[in-house]
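Engineer: Before anything else, here's the structure in question.
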Amino acid sequence: MNIDTPEPPAPARAYAPAFNAVMIDDAQVVLDESFDTASARRDALIETILANHDEITTDEVEEILAPLGGANADAALGEVLALLNEAGVPVDVHLAEHQRDVGPAVLYTTFTDYGDGSTYVEHYGSRDDRLLQLRQRALNVAIGYPSEFFQNADEETCKKVIEGALAPGGGRIFLLDAERHAAGEAYESFAH
């Protein structure tokens, strides 16, 4: 028997800003990328300009950037592009920003230690997805339970049934929720 549950709601997603740039030089796209910061976008565009043109110098660019100290990347880039335009080089640059999906806001993990040195880890994008799998696993190992018992079983009940089956071998099951840090690509876990 398979456990059927209603379609779970969409998992909460985490988003991070993305800074896009398209540079057209001499009727050709010479840069079309997305960056994590406006400063990284500015640096890539200026590097491309300096690599492709000798009409302006690195010293002139540094003169523009120094007073800003890395702040206000788009304003600094605008000044560099104006300097390039004054030098007679019409480079077309298009900037855009958007929020990019970087994954679930929380990962729901099942960590199974079989007691013999082997482990198995499963990650889910929602608590409902993890619960569905726990219900199925509990049903597969349950002895003495009616099959419909697991249709509405909660995580803790399923965990106890699975651990009961793992106990003779010294096995355990752990449920972990890992929240995504606002900055970076890391998740921080806590067990329950």
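Engineer: Which ones in region 165-184 are at pLDDT 70 or above and within 30 Å of ARG100 (Cβ to Cβ)?
Structural biologist: Within region 165-184, LEU175, LEU176, ASP177, ALA178, GLU179, ARG180, HIS181 meet the criteria.
Engineer: Among the residues that make up region 139-152, is at least one of them closer than 30 Å to TYR15 by Cα and of a type in the set (Asp, Glu)? First the steps, then the outcome.
Structural biologist: Start the filter on region 139-152 by keeping residues that are closer than 30 Å to TYR15 by Cα, which leaves none.
No, the conditions are met nowhere in region 139-152.
Engineer: Going through region 134-143 one residue at a time, which ones are over 29 Å from the mean Cα position of the chain (by Cα) and either of a type in the set (A, V, I, L, M) or open to solvent by less than 30 Å² (accessible area, probe 1.4 Å) (or both)? I'd like the intermediate steps shown before the answer.
Structural biologist: Step one: filter region 134-143 for residues over 29 Å from the mean Cα position of the chain (by Cα), giving 138-143.
Once the filter is applied, which keeps residues that are over 29 Å from the mean Cα position of the chain (by Cα) and either of a type in the set (A, V, I, L, M) or open to solvent by less than 30 Å² (accessible area, probe 1.4 Å) (or both), region 134-143 yields ALA138, LEU139, VAL141, ALA142, ILE143.
Engineer: Another question about this same structure. List pairs: first in region 55-71 and surrounded by 10 or more Cβ atoms within 10 Å (Cβ to Cβ), second β-branched (Val, Ile, Thr) and assigned to a loop (DSSP other than H, G, I, E, B), Cβ under 6 Å, 6+ apart or cross-chain?
Structural biologist: Partner pairs satisfying both residue conditions: GLU55/VAL89.
Results for (1) crowded, with 16+ Cβ neighbours inside 10 Å; (2) under 30 Å from PRO17 (Cα atoms); (3) of a type outside the set (A, V, I, L, M, F, W, C), shown as yes or no for each residue.
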| position | (1), (2), (3) |
| --- | --- |
| ASP116 | no, no, yes |
| TYR120 | no, no, yes |
| HIS123 | no, yes, yes |
| LEU132 | yes, no, no |
| TYR145 | no, no, yes |
| GLY171 | yes, no, yes |
| LEU176 | yes, yes, no |
| GLU179 | no, yes, yes |
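Engineer: From the list ALA27, ALA18, which one is at pLDDT below 95, open to solvent by less than 30 Å² (accessible area, probe 1.4 Å) and of a type in the set (Gly, Ala, Ser)? Step through it out loud before you land on a result.
Structural biologist: Numbers: ALA27 fails: open to solvent by less than 30 Å² (accessible area, probe 1.4 Å).
After applying the criteria, what remains is ALA18.
Engineer: So ILE49 ticks every box in (1) over 29 Å from ASP26 (Cα atoms); (2) at pLDDT 90 or above; (3) under 33 Å from the mean Cα position of the chain (by Cα) but one. Which box is left unticked?
Structural biologist: Just one mismatch for ILE49, condition (1).
Engineer: Let me ask something else. What are the pairs with Cβ atoms under 6 angstrom where one residue, in region 175-188, is within 27 Å of LEU132 (Cβ to Cβ) and the other, located anywhere, is at pLDDT 75 or above and of a type in the set (D, E, K, R)? Sequence gap at least six, or different chains.
Structural biologist: Short answer, once both residue conditions are applied: TYR187/ARG180; GLU188/GLU179.
Engineer: Just to be sure I understand the filter: pairs with C-beta atoms under 7 Å, separated by 6 or more residues or on different chains, first member in region 21-33 and charged (D, E, K, R), second member not in a strand (DSSP E or B). Which pairs pass?
Structural biologist: ASP25/ASN52; ASP25/VAL91; GLU33/ALA44
Engineer: Does ALA82 count as buried (at least 18 other Cβ atoms within 10 Å of the Cβ), free of Cβ contacts under 8 Å to residues at least 40 places away in the same chain and not charged (D, E, K, R)? Spell out how you get there, then give the answer.
Structural biologist: Working: buried (at least 18 other Cβ atoms within 10 Å of the Cβ): no; free of Cβ contacts under 8 Å to residues at least 40 places away in the same chain: yes; not charged (D, E, K, R): yes.
Considered against the rule, which asks whether it is buried (at least 18 other Cβ atoms within 10 Å of the Cβ), free of Cβ contacts under 8 Å to residues at least 40 places away in the same chain and not charged (D, E, K, R), ALA82 comes out as no.
The values are calculated or read from the model by the stated rules, or taken from the named source; none is laboratory data. Everything quoted here is computed from the prediction, not taken from an experiment. Positions of Cβ are backbone-derived with ideal geometry, glycine not excepted, and every protein chain shown enters the neighbour counts. Side chains are part of the model used for accessible areas, which takes the heavy atoms of the whole protein and leaves out ligands, DNA and RNA. Shrake-Rupley method; radii C 1.70, N 1.55, O 1.52, S 1.80 Å.
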